[in-house]
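Worksheet: one structure, shown below.
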Amino acid sequence: MDQKSYERRKRDHLQLALRPENEARGLTGLDSIVLEHEALPDLDFEEISLSSTILGNPSKTPFFIAAVTAGFAGASEINMTFARACQKTGWALGIGSQRSELEAGPDASAWKLIREAAPDVLLMANIGASQLATADIEKIHDLLAVMRAKALVIHANPLQECLQPEGTAQFKGTTGRISALCRELGLPVVLKETGCGFSTATLKRLSGAGLAAIDISGLGGTHWGRIESARAGSIKDHIKSSAGTTFATWGIPTVESLQNAVHALPGTELWASGGVRSGLDAAKLIAMGASQTGFARPALEAAMAGAEKLVEWMKTREYELKTALFCTGCRNPDVLGKKENVWKTKCN
């Protein structure tokens, strides 16, 4: 792997992810979901708690920053901003693809600084599903140890790999390799999509794989087909650029993906991301069966304005979720997730 080209790609990804035309806005299905209002909640607002659990660990909130960035010089600074904000709020933090660190070795000095600033944050490392064919488990262990990570996230991104000019669309045997990794790693393994969601058939194939959680990451947020289409166009790769336009709305919406997971994998810890924009969106997904909800692009946008703005943005999402809990008569997210008939599909 050409390190300079890889770092340029990651910088491009970050810049393009902030452009609104690369979001599949309005396709999550969340606008069609409504929560039932409770006019006389039998509790006081001050009693509302956001306490949750993630991968068996207590958490102050059911929120996490989804995988955003890694792999180039500026990523450490952004991840430091995220880490400091998560230390203040108790959110979990997923790191972007760490393929370069897996191959070249983790940046111990950068992770030491991040861990000094955020010793209590639940950090999650991240590698691609297509890298599992060649990944050395000892190197994965080294990466997790240096980060003091609590879990490894495997991201599935077949559409992106097809359209990326440098893509590695090698997924044959991936399900078996995920199962083997779950057995051998000794830490929780989480599988996430990257904005195209999961079908019921795929989820059923994962039953018994040993995954600690699944992040359904459905259609409706940042769309990597659009991003890679833009990148391909910039280097005159007209075939992939055109194909990216064709697949600009490809994927399974966030709401449908979560429903698929609830039915296919009962009892599995389910996380929901993909176009989540507010605490109300999060409340809807928690009511439908998610235990954690993740934000990526909006968190990145807030982080670019500085740590103070990021914390304010995070606190706003928390207040929105508390308001939704209060107005549904639910003391905490667990109660909301178990309450019967609290959500419905809005009639057109």
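Kindly indicate which of ALA303, ALA264, ALA283, ALA296 is small (Gly, Ala, Ser) and within 25 Å of LYS204 (Cβ to Cβ).
Checking each option against the conditions leaves just ALA264.
Of all the residues that make up the stretch 271-309, how many are aliphatic (A, V, I, L, M), touching a residue at least 40 places away in the same chain (Cβ under 8 Å) and over 21 Å from GLY26 (Cα atoms)?
3
Taking the conditions exactly as written (assigned to a helix (DSSP H, G or I), within 25 Å of LEU203 (Cα to Cα) and small (Gly, Ala, Ser)), does SER257 satisfy them or not?
Answer is yes for this residue.
Among the residues of the stretch 65-92, what is the count of those that are closer than 22 Å to ILE227 by Cβ, modelled with pLDDT of 85 or more and outside any helix (DSSP H, G or I)?
2
Identify the residue in the stretch 222-250 that is among the basic types (Lys, Arg) and over 17 Å from ARG19 (Cβ atoms) and, among all such residues, is nearest to the chain's Cα centre (by Cα).
It comes out as LYS240.
Please enumerate the residues belonging to the stretch 217-255 that are among the β-branched types (Val, Ile, Thr) and without any contact (Cβ under 8 Å) to a residue 60 or more places away in the chain.
Taking the stretch 217-255 and keeping what is among the β-branched types (Val, Ile, Thr), we get 222, 227, 235, 239, 245-246, 249, 252, 254-255.
Within the stretch 217-255, ILE239, THR245, THR246, ILE252 qualify.
So which residues in the stretch 15-58 are over 21 Å from the mean Cα position of the chain (by Cα) and assigned to a loop (DSSP other than H, G, I, E, B), if there are any at all?
GLU36, HIS37, GLU38, ALA39, LEU40, PRO41, ASP42, LEU43, ASP44, ILE48, SER49
Would you kindly identify the helices (runs of 4 or more DSSP H) lying entirely within the stretch 291-348 that contain at least 1 residues that are at pLDDT 95 or above and over 18 Å from the mean Cα position of the chain (by Cα)?
307-326, 333-338
Specify which of the listed residues (VAL276, VAL255) is surrounded by 24 or more Cβ atoms within 10 Å (Cβ to Cβ) and over 21 Å from VAL68 (Cβ atoms).
VAL255 is the lone residue from the list that is surrounded by 24 or more Cβ atoms within 10 Å (Cβ to Cβ) and over 21 Å from VAL68 (Cβ atoms).
The values are calculated or read from the model by the stated rules, or taken from the named source; none is laboratory data. Quantities reported herein were computed from a predicted structural model and do not represent experimental measurements. Here Cβ is always computed from backbone atoms with ideal geometry, including for glycine, and neighbour counts include all displayed protein chains.
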